[in-house]
Amino acid sequence: MVITLRAVQKKPLHQGRHTFPGEDLSSVARARSWVVETSRRWDIEPPEALTLVVSELVTNAVVHTRSGLPGENVTLRLYAHEDRIRVAVKDAGPKPGRVPRLRASNTSSTHGRGLLLVEALCLEWGTLTVGTGVYAEIAR
């Protein structure tokens, strides 16, 4: 039997949760501020990549899911571990008629590189196992 590190992880040192209105793009800036303020309240200097990753994930939730529709929300969870910060962005599910998928971009595209940045900046990222949304883990 092989035991992975993921299977023996400790509980986070700190955790927090905040819900933002999805129909308002200013929620992206508020989400960035919230993760920085919350990290510092825990006496943790937020990793440089944290705000960029949060911006990308919350923007995707607002733009590409039902969370961007009137009355819907985006929920952001923040977990501080000894060696990393984990963010989880829960959205309201795909917009009607849309199937979530990673889209390829080309050199002339002005959009479509956000998840590539997330992948480059994070230890790992992926979809949530409960509900709809994504998570990302950033080294501290």
Among the residues that make up segment 49-59, is at least one of them without any contact (Cβ under 8 Å) to a residue 24 or more places away in the chain and either touching a Phe, Trp or Tyr at 6+ places or on another chain (Cβ under 7 Å) or more than 17 Å from Ala92 (Cα to Cα) (or both)?
yes
If I go through segment 51-64 residue by residue, how many of them are touching a Ser or Thr at 6+ places or on another chain (Cβ under 7 Å) and either open to solvent by less than 10 Å² (accessible area, probe 1.4 Å) or more than 17 Å from Gly133 (Cβ to Cβ) (or both)?
2
Could you list, in sequence order, the residues of segment 14-32 that are modelled with pLDDT of 95 or more and open to solvent by 40 Å² or more (accessible area, probe 1.4 Å)?
His14, Gln15, Arg17, His18, Thr19, Pro21, Ala29, Arg30, Arg32
Matching residues in segment 108-140 - criterion: being at pLDDT below 85, within 13 Å of the chain's Cα centre (by Cα) and open to solvent by less than 50 Å² (accessible area, probe 1.4 Å)
Gly114, Leu115
Counting just the residues of segment 65-84 that are under 11 Å from Ile138 (Cα atoms) and charged (D, E, K, R), which one comes out most open to solvent (accessible area, probe 1.4 Å)?
Asp83
Being outside any helix (DSSP H, G or I) and modelled with pLDDT of 95 or more narrows it down to one of Val35, Val89, so name that one.
Val89
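The values are calculated or read from the model by the stated rules, or taken from the named source; none is laboratory data. As the structure is a prediction and not an experimental result, all values here were calculated from the model. Quick reminder, even Gly has a Cβ in these numbers, built from the backbone with ideal geometry, and neighbours come from all protein chains shown. When the accessible area is computed, the model is the full protein with side chains, heavy atoms only, and any ligands, DNA or RNA have been set aside. Shrake-Rupley method; radii C 1.70, N 1.55, O 1.52, S 1.80 Å.
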